[in-house]
Ligand code: B16
Ligand code: MG
C-alpha cells in the first residue's frame with residue numbers, strides 16, 4: 001500500500017534543468033569541450049562536482065581540486081543568478097494540482113533533490129508547506145544513482161521504501177528509486193527513462209488513484 005510520494009525537484013516540479021544546462025554549457029564552451037544533448041542527459045540528477053568531472057572527462061581535461069572548486073563555484077554563481085527570478089508561476093504544469101491532491105488524500109510528501117539550492121527554489125515556488133520532509137543534500141554521502149537520498153527521505157517521513165512512489169526526470173534518479181525498492185514514475189520520455197515503472201509526459205497526467 002502506497003503511503004508517500006517522494007519528488008525530485010529539478011525537471012519534475014519546476015524546470016530548473018534548463019538553468020543547470022545553461023550553467024554547464026557556459027563552462028563547457030569556455031573550456032572548448034563539446035556539450036551535446038546526450039552529455040546533458042547524463043548530468044541530470046547528478047551532484048555538482050560529479051557533473052563537472054563528467055564534462056572534464058569528455059574534454060580529456062585534468063585539473064587540480066582547487067581549479068575544479070573554482071569552476072563549480074562559477075557555475076553555481078551563474079545558476080543562483082538565474083534562479084533568482086523563480087516564482088510560483090515557474091511550477092511545471094500539473095505540479096501544484098498533484099501536491100494538493102496528495103495532501104487532500106492524506107499521503108505523505110517528500111522532496112529528494114541533490115541540489116544544494118533546493119531549499120531556496122522551494123521557497124521561491126511557494127510550496128514548502130506541502131512537504132513532510134525535504135532532504136538536505138549536504139547530508140547525503142552518495143548521490144543518485146545511489147539510492148541513499150530516497151531511502152533517507154522515506155526514513156525521515158516514517159514510511160517503508162516499498163510504500164513509496166518516487167518521481168524523477170533523470171535516468172540516474174530513476175535508477176536510485178528502483179534501487180531503493182520504490183515504484184518509479186518517470187517524467188519525460190519513455191525511450192530515455194527505460195527503467196521507470198511508468199512514464200508520464202508531465203505531472204498533468206499524474207493521478208494517485
Ligand atoms: P546544485 P535534482 C540536481 O537536482 C540537478 O538535476 C542536477 O543537474 C544538478 O547538478 C544537481 O541537482 C546539483 O545542483 O549545483 O544546485 O547543488 O534533479 O536532484 O533535483
Ligand atoms: Mg531532476
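Read-outs: derived from the displayed coordinates by stated rules, not from any lab. Source: prediction; values computed, not measured. Backbone-built Cβ (ideal geometry, glycine too); neighbour counts: all protein chains shown.
For segment 104-119, the set of residues classified as away from ligand 2 (no atom under 16 Å from the Cβ) and either in contact (Cβ under 8 Å) with a residue 40 or more places away in the chain or in contact with a strand residue (DSSP E or B) (Cβ under 7 Å, 6 or more places away or on another chain) (or both) consists of 105, 107, 108, 109, listed by residue number. Which of the residues belonging to segment 147-179 are in a loop (DSSP other than H, G, I, E, B) and more than 11 Å from ligand 1 (Cβ to nearest atom)? The answer is 147, 158, 159, 160. Note on segment 180-195: residues that are under 15 Å from the mean Cα position of the chain (by Cα) and either surrounded by fewer than 22 Cβ atoms within 10 Å (Cβ to Cβ) or part of a loop (DSSP other than H, G, I, E, B) (or both) amount to 2.
When you look at residue 38, is it more than 10 Å from ligand 2 (Cβ to nearest atom) and surrounded by 21 or more Cβ atoms within 10 Å (Cβ to Cβ), yes or no? When the stated conditions are applied, residue 38 does not pass them.
This table checks each residue for (1) away from ligand 1 (no atom under 15 Å from the Cβ); (2) in contact with a helix residue (DSSP H, G or I) (Cβ under 7 Å, 6 or more places away or on another chain); (3) closer than 24 Å to residue 169 by Cα; (4) assigned to a loop (DSSP other than H, G, I, E, B).
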| residue | (1), (2), (3), (4) |
| --- | --- |
| 33 | yes, yes, no, yes |
| 38 | no, no, yes, no |
| 61 | yes, no, no, yes |
| 67 | yes, no, no, no |
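The set of residues from segment 1-20 being surrounded by fewer than 18 Cβ atoms within 10 Å (Cβ to Cβ) and either part of a helix (DSSP H, G or I) or more than 16 Å from ligand 2 (Cβ to nearest atom) (or both) comprises 1, 2, 3, 18. Regarding residue 114, is this residue surrounded by 13 or more Cβ atoms within 10 Å (Cβ to Cβ), on the phi < 0 side of the Ramachandran plot and assigned to a loop (DSSP other than H, G, I, E, B)? Yes; evaluated as a whole, the condition is true for this residue. Restricting attention to segment 117-129 and to residues that are in a helix (DSSP H, G or I) and surrounded by 20 or more Cβ atoms within 10 Å (Cβ to Cβ), the residue that is farthest from ligand 1 (Cβ to nearest atom) turns out to be 125.
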